[in-house]
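The values are calculated or read from the model by the stated rules, or taken from the named source; none is laboratory data. Not measured: the values here are computed from a predicted model. Neighbour counts are summed over all protein chains in view; Cβ atoms, including those assigned to glycine, are modelled from backbone coordinates with ideal geometry. Remember, those area values only see protein heavy atoms, side chains included, never the ligands or the DNA or RNA. Shrake-Rupley method; radii C 1.70, N 1.55, O 1.52, S 1.80 Å.
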Amino acid sequence: MTNAPLLADPFAALDIGEYGADVCVHRDDISTEFPNEILELIRVQVDEDRDLRRVDSGQFVRNVVYADSDDRHSVIKQMLADVPSDATDDNLYVSALLRDVIPPAFVRLDDPDNENVVTKVMRLETDVNKIKLLVSLGRVAQQDDFTAEDLDSMEGALDTLNELDDTENIDQYIEAKLL
């Protein structure tokens with residue numbers, strides 16, 4: 001029995017043509033921890049092959065992973081398997097959002113320019129690990145009584161944090177109330 005977290009791709013629930021916001025690291029930066037400095041917010045669209053491509057350029061980002069697993073290496077291989085011929089090593093990424101607690105509602109965008117939980121967390125001026133914050137918020141969203149109104153409230157709280165100028169107080173608030 002393993003203590004490794006279950007890995008699941010929230011983009012597996014999106015349909016062809018849908019938009020989302022992924023938090024990625026370049027494949028050369030893969031590690032067990034994802035510090036904020038290496039994270040990149042990438043707005044993507046699910047293409048006809050069910051791969052993720054950048055909204056702004058159409059470049060391949062990664063494959064969507066459909067099988068949940070606790071084997072990190074297997075999941076990483078799946079993200080980078082069957083890379084299309086137009087992809088280069090420079091634009092191959094893996095997602096940092098593969099914990100099973102990150103719901104599709106956190107990544108889905110109605111329009112490529114919209115905002116969601118992922119984009120709002122990534123905009124925060126904080127030293128708190130943004131992936132840990134997303135995982136913590138995802139655990140809240142897993143509660144049986146979590147509603148669309150709760151999601152709206154969560155996004156509103158993130159908007160409020162984004163409007164604050166005091167990074168130290170933002171960090172303290174996140175650590176005390178959201179982690």
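Peptide packing for 154-163, 36-45 was compared via the average number of neighbouring C-beta atoms within 10 Å per residue; ordered from the highest value, the list is 36-45, 154-163. Per residue, the accessible area of the chain comes to 53 Å² when a 1.4 Å probe rolls over the protein heavy atoms.
Run the numbers for residue 38 and residue 73: contour at 0.36 nm per residue of separation, minus the present Cα-Cα distance, in nm.
10.7 nm
Here the contact order of the chain, divided by its residue count and restricted to Cα pairs under 8 Å and six or more residues apart, works out to 25 percent. Count Lys and Arg as plus one, Asp and Glu as minus one, and take only other residues whose Cβ is under 13 Å from that of residue 31; the net charge is then -2. Within the accessible area of the chain, the carbon and sulfur atoms contribute 44%, probe 1.4 Å, all protein chains present. Let me check I've understood the local charge: for residue 123, count other residues with C-beta under 12 angstrom from its C-beta, Lys and Arg +1, Asp and Glu -1. What total comes out? My count for the surroundings of residue 123 gives -3. A DSSP coil position with no more than 16 other Cβ atoms inside 10 Å describes the following chymotrypsin sites (Phe, Trp or Tyr not before Pro) in the stretch 73-179: 146. Here the Karplus relation 6.51 cos²θ - 1.76 cosθ + 1.60, evaluated at θ = phi - 60°, turns the backbone of the stretch 148-159 into coupling constants of 4, 5, 5, 5, 4, 5, 4, 5, x, 5, 5, 4 Hz, with x for every Gly and Pro. Ranked by the mean number of other Cβ atoms within 10 Å per residue, highest first, peptides 54-60, 10-16 order as 10-16, 54-60. In straight-distance terms, cross-link reach from residue 177 covers every one of the lysines whose alpha-carbon lies under 30 Å from its own, apart from those fewer than eight places away in the same chain; here that gives 120, 130, 132.
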